[in-house]
Structures are given as C-alpha cells and as structure tokens.
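Right, one structure below, let's go through it.
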C-alpha cells in the first residue's frame, strides 16, 4: 500500500510539471495582452477571367485593351478565355450555377435581359451614374438595360448599312427605287446572267428597320407589343413589301443565306444590305477602293428606316469577391474611355461607342449611320415578344401564309398588356 501511494504521488508531480510547461507565458506588464495574429490579406494581384467569342483582329484589339489596363493597374491581371459563340451563353449559365463562371462576360446586348432576369449578371447603376456615361452612344447603352437598370457597358457595336460596288455604282443610292434601278442598263441580259441590283438576306434583324419606315414598331410608347395589335396595318404593309422583294427578278432577296451569299461571291450583286462587321469581306471581294458605304435606302422621301444597333457588352458576374468586383467595375470604366475606344478602333477595326473617339475612314460611315438608329432592346428580345414576331415574319417570307393571316396569328400569341 505504501508503495502504491508513493507511485501515485510521483505521477501527480509529473502531471503538474507537464501542465506548467504547457501553459503560455504572459507578460507581467500591467495592461498587456497576448499578441494576436495579423489579419490575412490576399497576396498577389487580383485575377479576372473574361469570356468572349472574338477572334482575329477583334481578339487582338481586346488583348491590347486588357494589357493596357494591366499596365495602368499593376495589381490586376486579366485572362482572356475564348468560348465558341454558339455555346458561350449556355456554358456561362451552367458555370454561374456551379460557381465556376468567369468574373467578366463579353456578349451580345440582346442577351442582357435574359441574363439579368436570371440574376447571372450584376446591376451597375450604383457604380456608373449617368454623368459618367454621357460620352457613350445612347442607343448602344439602351441595349444594355433591363427593367430600367444598367447591366453592362457596350464597348463596340454593329449596325446595318448599304454596301455598294463603286466599279458599277457611281453614286450611292438614297431610295429603294434607286437601288432597284442599279442594273437597268443590264436588263436585256438573260435573268440567269444578269447582275443583281441588290442582295438582301431576309432575316428578322436585317429587315426590322423597315417596319419603322412603314410607320410601325415592335413596341408601342407604353412598352407593350404593338406590331400585331395597334400597329398591325403597318406590319402587313411591311410584310407585303418583303414578299414583293422576293418576287423581283432584278434583286436576290431570300431567307436562304446560301442563295444570297452565292450571288455576292459570284460578283453578281452590285449592292448588299449587311452588317458593318462585314466590310472587310467586301473589300476582299471587290477591292478596298471599290467598297462604298451608305445609309439604308429610304422607301420614299420621309420614309427612312431606323437601322439597328447591336452592342457588344461587358457584364460582371454576380458571384465575385469584393476585390474582383471593384477591379471588374474599374476595367469596364476603362474600356469606354476615349483612349481605350481608339485602341479597339485602330487595332480591331471596331466601331467605338465613345462620341469623341477618333475613327478611321472605314468606320466613319457607320458612326454617321448610328446617329439615326435604334437598339435591339430587351423588351423586343423577350421571348414572349420575339417568338411571335419571328414566327410571323418567317411564315410570310417562307410563303406559308399571307401577311394578314400571319399578323392575326401573332396577335393571338403576344402576351396581354401588363397592368
């Protein structure tokens, strides 16, 4: 028993010694506290990934813009990541859902409304007041809003214009009658060999400006669909006009792109209605000096179409850290500055959205055209509006139904007025 008691005392003494050794030493200075670890701060630059679908000269210009920003902001790195144009939006939506999406997205303005509704891009009104955007083309900005909120900044845009071959057309035609008469001197040539006065790919986006020329519109002043209700007479006249273009043997107007492109590539088209980004294609086909650019021709005096503005928009992912969000907003601000816009114009042949940016002679006609333009705003591209509008258009140009029948079917399909 005595041995057992002695053993227990020894164990207690050893435990006390170990406990004392493990107790942290404290300062005896009155009022002192134990030192605390410093707050962890991120090391290295803030990294941003930007998804895009650009290539060629446009990608070169975008890369130049990103590197110029990095030189001015050495604490930020921007990685450009190309995505297939047809897949980018779907991939982005999926990656936002699983948290792997990029911080920045460069996309068509027509998709901004859909992305905003899903809360996949961040609202920017608090970061960009109106005064900061006074130099940005208003119509380009219109295409970046949804529900009255700003959800991105446009950095360039495409617009529709009339391209004409100066080797055959001395003066730019201003009316559609003048366009149709371009091949008048060749009318004795058999139709299968005769040059076309005009090649026109009939798609909703390319023909929509002429709905305005007939006095119609997709949306009324109240923002409600009007093309098949209060504006149905103008829509019928517009659709009848498109049918007449298809029947005219002196022009190649078709909803089949291959047919229209064949006429262009064979050199038979003396003028073409097309997007501004296609200018290089006509320079290659006709020769740089032979490419003329003019506004879309009027139907008649006082019946001018309002060309469309299709913006390319930088948006910010809603799921970002505070550092990334601040850097992304700074990059957007930088992208619409005059010097940045001139980088995009000179290195990528892009049309600037900054009103004071210097542009080359090739972009000047498109800047001029944009003054009388309209944006493809989110209200038009909403699926409840776009689907019946496009169905109406396609039913007529395919010959499936008459304009009156197509408008009547659209009237039954458009959503009722909002309260």
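When 311, 321 are checked against the criterion of being within 21 Å of residue 115 (Cα to Cα) and surrounded by fewer than 18 Cβ atoms within 10 Å (Cβ to Cβ), a single residue qualifies: 321. Only one of the listed residues (156, 207) is under 22 Å from residue 244 (Cβ atoms), at pLDDT 95 or above and surrounded by 19 or more Cβ atoms within 10 Å (Cβ to Cβ). That residue is 207.
Answer yes or no: is there a residue in segment 383-393 that is at pLDDT 95 or above, in the same structural domain as residue 145 (by TED's automatic domain parsing) and touching a helix residue (DSSP H, G or I) at 6+ places or on another chain (Cβ under 6 Å). No, that holds for no residue. Only one entry in 316, 343 is assigned by TED's automatic domain parsing to the domain that holds residue 150, under 18 Å from the mean Cα position of the chain (by Cα) and buried (at least 19 other Cβ atoms within 10 Å of the Cβ), namely 316. Scanning segment 118-135 for residues that are modelled with pLDDT under 95 and not in a loop (DSSP other than H, G, I, E, B), we see that the one that is surrounded by the fewest Cβ atoms within 10 Å (Cβ to Cβ) is 131. Taken together, the residues in segment 347-382 that are touching a residue at least 60 places away in the same chain (Cβ under 8 Å) and either over 30 Å from residue 289 (Cβ atoms) or surrounded by fewer than 18 Cβ atoms within 10 Å (Cβ to Cβ) (or both) amount to 15. In this entry, residue 337 is excluded by the filter for residues that are assigned by TED's automatic domain parsing to the domain that holds residue 108, under 27 Å from residue 146 (Cα atoms) and over 19 Å from the mean Cα position of the chain (by Cα). Restricting attention to segment 127-143, does a residue exist that is under 25 Å from residue 44 (Cβ atoms) and touching a strand residue (DSSP E or B) at 6+ places or on another chain (Cβ under 6 Å)? For segment 127-143, residues under 25 Å from residue 44 (Cβ atoms) and touching a strand residue (DSSP E or B) at 6+ places or on another chain (Cβ under 6 Å): absent. Exactly one residue among 239, 219, 245 is closer than 20 Å to residue 161 by Cα and surrounded by 15 or more Cβ atoms within 10 Å (Cβ to Cβ), and that residue is 245. Among the residues making up segment 147-194, those that are assigned to a loop (DSSP other than H, G, I, E, B) and closer than 30 Å to residue 344 by Cα are 147, 148, 151, 152, 166, 172.
Looking across 253, 263, one residue alone is over 20 Å from the mean Cα position of the chain (by Cα), more than 28 Å from residue 88 (Cβ to Cβ), outside any strand (DSSP E or B) and not assigned by TED's automatic domain parsing to the domain that holds residue 91. It is 263. Against the list (1) in contact with a strand residue (DSSP E or B) (Cβ under 8 Å, 6 or more places away or on another chain); (2) at pLDDT below 95, the condition residue 359 fails is (1).
Let's see how each residue does on (1) surrounded by 15 or more Cβ atoms within 10 Å (Cβ to Cβ); (2) within 21 Å of residue 359 (Cβ to Cβ); (3) in the same structural domain as residue 112 (by TED's automatic domain parsing):
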position: 139; (1), (2), (3): yes, yes, yes
position: 167; (1), (2), (3): no, no, no
position: 183; (1), (2), (3): yes, no, no
position: 187; (1), (2), (3): no, no, no
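Looking across segment 225-236, the residues that are buried (at least 19 other Cβ atoms within 10 Å of the Cβ) and either in contact with a strand residue (DSSP E or B) (Cβ under 9 Å, 6 or more places away or on another chain) or not in a helix (DSSP H, G or I) (or both) come down to 225, 226, 227, 228, 231. It is to be established whether one or more residues within segment 67-77 are touching a strand residue (DSSP E or B) at 6+ places or on another chain (Cβ under 6 Å), part of a strand (DSSP E or B) and modelled with pLDDT of 95 or more. Yes, segment 67-77 contains a residue that is touching a strand residue (DSSP E or B) at 6+ places or on another chain (Cβ under 6 Å), part of a strand (DSSP E or B) and modelled with pLDDT of 95 or more.
Does residue 125 count as touching a residue at least 24 places away in the same chain (Cβ under 8 Å) and in contact with a helix residue (DSSP H, G or I) (Cβ under 9 Å, 6 or more places away or on another chain)? Considered against the rule, which asks whether it is touching a residue at least 24 places away in the same chain (Cβ under 8 Å) and in contact with a helix residue (DSSP H, G or I) (Cβ under 9 Å, 6 or more places away or on another chain), residue 125 comes out as no. The set of residues in segment 293-313 that are more than 16 Å from residue 273 (Cβ to Cβ) and under 18 Å from the mean Cα position of the chain (by Cα) comprises 311, 312, 313. Tally up the residues in segment 85-108 that are closer than 21 Å to residue 308 by Cα and either in contact with a helix residue (DSSP H, G or I) (Cβ under 8 Å, 6 or more places away or on another chain) or surrounded by fewer than 16 Cβ atoms within 10 Å (Cβ to Cβ) (or both), please. Result for segment 85-108: 3.
The values are calculated or read from the model by the stated rules, or taken from the named source; none is laboratory data. Quick caveat, the model's predicted, so the values are computed rather than measured. Don't worry about glycine lacking a Cβ; one is built from the backbone with ideal geometry, like all the others, and counts go over all protein chains shown.
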